[in-house]
Every structure is written in structure tokens, then in C-alpha cells.
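Values in this text are rule-based calculations from the coordinates and carry no lab data. Just so you know, these numbers come straight off a predicted model, no measurement behind them. As a convention, Cβ positions derive from the backbone with ideal geometry for all residues, glycine included, and neighbour counts pool all protein chains shown.
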Amino acid sequence: MSETLRIGGHAGGFAATARTDRWWVGPLLTFAGLGAFVVYSTWAAFQGAYYYAAPYLSPFYSPLLFIDPSAPGAAPLEHAWIGAWPSWWPALLPASPAFLILIFPGAFRATCYYYRKAYYRSFFATPPGCAVGPIPQGRYKGETSLLIFQNLHRYALYFAILFIFILYLDAFKAFFKDGRLGVGVGTLVLLINPTLLGLYTFGCHSFRHLVGGGLDCFSCDRASAARHGLWKKVTALNERHMLWAWTSLFWVGFTDVYVRLVAMGVIRDLNTWG
Amino acid sequence: MPERTFRIWRGDAQGGRLVDYQVEVDPGMVVLDVIHRIQAHQATDLAVRWNCKAGKCGSCSTEINGHPRLACMTRMNLFGSDEVVTVQPLKAFPVIKDLVTDVSWNFEQNRRIPPFKPKPRDADGRYRMKQQDVDRVQEFRKCIECFLCQDVCHVLRDHGRKDAFVGPRFMIRLASLEMHPLDVADRIPAIRKDFGSGLCNITRCCTEVCPEHIGITDNGIIPLKERVVDRFYDPIAWLARKIFGTGKRA
């Protein structure tokens, strides 16, 4: 940290500040939390195994487009949306169904207006905290140049909404094992997952704009009045967007851990099937 | 009465230094009271801008222990009993003297914004709008122009991009006009190009320092960025405009 005093007595340089509080705690916790999730989810995606413990499917692997049923802890082939693992898949990469789908929820979180704040502060230090010196840049361009893709957040949203339905379908299937209706701890874990994801996704700033925020007049006709009602509901979720972002992130990771441990035989799922 | 140490920037655009003052502090005092006591008894030439002492005029914006704050709304019991209180002028604007900065750049930005342009009156010669249509705009009208948001914005404060970004306060003013149910001016191209919405990277410091608790980022800047996306970056929205027309504005 280099500090030079300027007119006004302000310190200059990276992380320079006159703040006396522990401003670095927030960015540090964010760095640790997001970093841990990225490391774990990447590791889990590379495994290509132990993602299915009937009737539970890890959300990191859903939907199952292709399946390599020979992998340990893999889903049976009839669960594949398309079929057996393709022969054209590069041998360098493990045959993991997660590789085919994680880009979509990943893109949604990466371009999310909340996470942008989180990682711009904690990973890229632009700035690391309010009134704290950022990493110096030659000519700051914000989201107008390299980061202009952030403007496509709404397209990631469309896929994220699709995934909520898919994950609810997985949760529904988790009530049936060998054709018998029942419930297990895993069923509840899988049911909570899309619920939290829904609270996060349907509180999205882009969604808020699309349902009604783009209107200037909420009372001009029936359609705009209906959209205003929807906008208010989305706004209520949006006010807790950070909360839902973190709880849903934690839970989707926990769901994978739970299914993985059951599939590996490390823990036993308590359920009504016996 | 306990004695406290205040460290205040004394100087002008040519230079200066942080000067320590030992001052007695009474219960219930705010930082501006203490500055006035120093001004009255120890440094009669100390320059500080203030007016209402009620958090409504936005004059006494300073940086207190590194936080952009209103001096009149910062109570002394916020600090530890032996904590040195450092008071500095706003970093984002040129110092005139001591704690007073030249914020005229902000007024120049305000003049650049296309003014309110109302749609034609109703047949009976009146304008009509309903409460739900102006709720959003009324939040933005709470702004007291203290410019704390401008000061904390790293685009202006640290990267010096006053040439490209108008700052949070004027993004809010733009939002208040753009979302107004009676306004028909189209500012979206200017919001992107001239006022620099893309420079904001949503780190929300402006919202954190706002003494009026305006949702600057969530309710003002992000909705404007989304309107810019509608116009310039969303191919489906572009196609819809081509097929169904341009919507409200020409």
C-alpha cells in the first residue's frame, strides 16, 4: 500500500483511505465465500461422478443432456435428455454432464447486478471499499469496453428461469423412488433449492425492469396496471436480492454436497422408503 | 466535559496540512457543533460551509474519519471516547479553503440535462397523473444535493472521469425526468453516450452514503442502464420495436 497525501489531506494509492473502521471485512468475507463456491463447483463439475443417488440428482448436473452410465454414482441412461455420452467429446475433459449446463446459471450470477458489486469490490478492487483507493487504471472505462457484455444479463435471466422449472421437476421426481411415493431429507433439500433460486431469480433487477420497470405510466391501461402489481412484488424480492443471492448460492452448493455424500455412501439419507 | 482531538485539514488549493485541535465536547453535540466551537475559540479563520444544521440543505458535506458525511448529522457519540476525529474536505472536488470545496462542476452537469418536456394537455386543458405513477419519481426528489454520492463515486473521485460520467446525483435527476409519466423527451441516447451510464459499475457506494436513503443504484441507475440495454444492446427489444413500433417515444 503506497500512500501520498494530496490537497485536502487525502491519501492516494491502492487501498489508501482515512477510514478507521474495518472496511476490509466485507470484501474479505465476500472473497472467501465466492471463492470457496467457485473452487468447489469447479471441482464438482470435473468429477463427472457421484451426482446421482436415486431419486436425487445434483443441481450442478441438471438437466442431464448426456450420461456416461459407467461412471460411479452416475444416473441411469434413461435419465438422459438426449442419450449416451457422445464420442466426439474431447478426451482431455472428463465426461461430466455439468460442463454442458453450468455456463447458464454461472452466466446469470456473473452478470447479476448484486454480484457485480460483490466481485468488483472483493476480487477486482474497483474500488475495494467506499472511499478506499482502487487499483490504479490508465483510463477507467467501467462497463463500456471489455465488460460491455454485462448488458446481456437479461438473456442469462431467461435461461435461469428455465432452470428453476427444471430443478422443480427434479424435486418432484425426488418424491418417487422405484415408482413409490415417499419423502426423504434429500427430497426436502432438492425442494428448497429451486425455491431459493426462484426468490433470487424473480427478484432480479432485469426481471424487475422487464415486468414493469420500463414503463413510465402504471395507470394508463389495464395491462400497465397489472404490470405495476407484478413490479411491486418483484420489487419486494429485489429489496432482499443480496440475501437471496447468498442463500441460494449456499443451498445449491449444499444440495450437491448432500447428493454426493449420499451417492458415495458417506451418509445415509433418512426417508420413508426404507 | 470530555476533551477530544479533532484533526482538521487547513489549507487551500496550493497546499496545507492536517492540524490537531483539543476541544471540549458536550453531550448531544454533532461534528458541526464541534467545528463551530473550534472556529469560535481556536481558529477563527477556519472555513466551513453550512446552513440549516438539520440535514436538509446539503451544505456541510465533509469527510469524517474517511466517510463522506453531513457534519450536522454526525453525532459525536458515533466515535470512541479516545478516537481522533479527522475532518477533511470532499476529495472529488477542488479545495477552496479548509473544508470548503468548489462544487460548481455539479451545477454545470445539471445544466447539460435536457429539461422536463410535458406531453400535450388533456382535452379539458389539465394534466393528470396518478400517485402510483409518481411514487418512483418522488423518491428521487428527496435529493438535497449534498454531493456526497458524487464524492464517494470512484469514477469521479479516484479515476477522474468527470469528462465521461455525470455522477450518481445526476443519474438520479435523469431518472426522475425519464420515468416521469408526463415527460416525453428522449434522453436514453444521451444517458448512454453523454452522461456515461456505462461507466457506473454498480458498487453502490453512492447509495451507502446518501443521507436521504435514496435507492440511487437499485431504483435509479440500474433502471436507467436497463433502458439503455432496451435501446442499444437487446436484439429482441430492437426487433420488437421494428415490428410493433417505438412505444411511447419517437
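Structure notes:
- Between A:212, A:168, A:244, the Cα set farthest toward the positive side of the dipole of chain A (charges on each charged residue's Cβ, about the Cα centre) is that of A:212.
- For chain B, the longest principal axis of the C-alpha atoms and the axis of helix B:31-41 are separated by about 40°.
- Only beta bridges with both residues in the range B:3-101 are counted; by DSSP, about 85 percent of them are antiparallel.
- Karplus (6.51, -1.76, 1.60) ³J(HN,Hα), θ = phi - 60°, over the range B:94-108, in Hz, Gly and Pro reported as x: x, 6, 8, 7, 6, 9, 9, 10, 8, 9, 5, 4, 5, 5, 5
- In this rough spin-label picture, where each label sits 7 Å from Cα along the Cβ direction, the residue A:24-residue B:213 distance is 3.2 nm.
- Only Lys, Arg (+1) and Asp, Glu (-1) charged, at Cβ; the protein assembly as shown dipole about Cα centre in debye: 1320
- Three-way shape call for the range B:104-244 based on the alpha-carbon gyration tensor, with the a/c threshold at 1.5: oblate
- By the Cβ-Cβ criterion of under 4.7 Å, the unpaired cysteines of chain A are A:112, A:204.
- Among beta bridges that DSSP assigns inside chain B, antiparallel share in %, nearest 5: 90
- Span-like helix ranges in chain A, DSSP H, alpha carbon extent 15 angstrom or more, Kyte mean at least 0.5: A:25-47, A:153-173, A:185-201, A:241-264
- Counting DSSP beta bridges with both ends in the protein assembly as shown, the antiparallel % (nearest 5): 85
- Normalised contact order of chain A, rounded percent, pairs of Cα under 8 Å and 6 or more residues apart: 22
- Charged-residue dipole, Cβ positions (Lys, Arg, Asp, Glu), chain B about Cα centre, Debye nearest 20: 1280
- For the protein assembly as shown, the normalised intensity computed at q = 0.05, 0.06, 0.07, 0.10 Å⁻¹ comes to -0.27, -0.38, -0.50, -0.91 (log10 of I(q)/I(0), Debye sum over alpha carbons, equal scatterers, no solvent).
- Rg and Dmax of chain A, based on Cα coordinates, read 22.3, 75 Å.
- Between the listed residues B:72, B:36, B:22, the Cα displaced farthest toward the positive end of the dipole of the range B:3-101, a dipole computed from Cβ unit charges relative to the Cα centre, is found at B:72.
- Residues whose placed amide H lies under 5 Å from that of residue B:29, excluding near-sequence neighbours: B:76
- Simple point charges give the picture: +1 on the Cβ of Lys and Arg, -1 on the Cβ of Asp and Glu, and for the range B:104-244 a dipole about the Cα centre of about 440 debye.
- Positive-end ranking of A:41, A:120, A:63 along the dipole of chain A, with charges on Cβ about the Cα centre, is headed by A:120.
- Packing rank of B:153-159, A:36-42, where each peptide gets the mean count of other beta carbons within 10 Å, highest leading: B:153-159, A:36-42
- Compared with the dominant principal axis of the Cα atoms in chain B, helix B:222-232 is inclined by about 40°.
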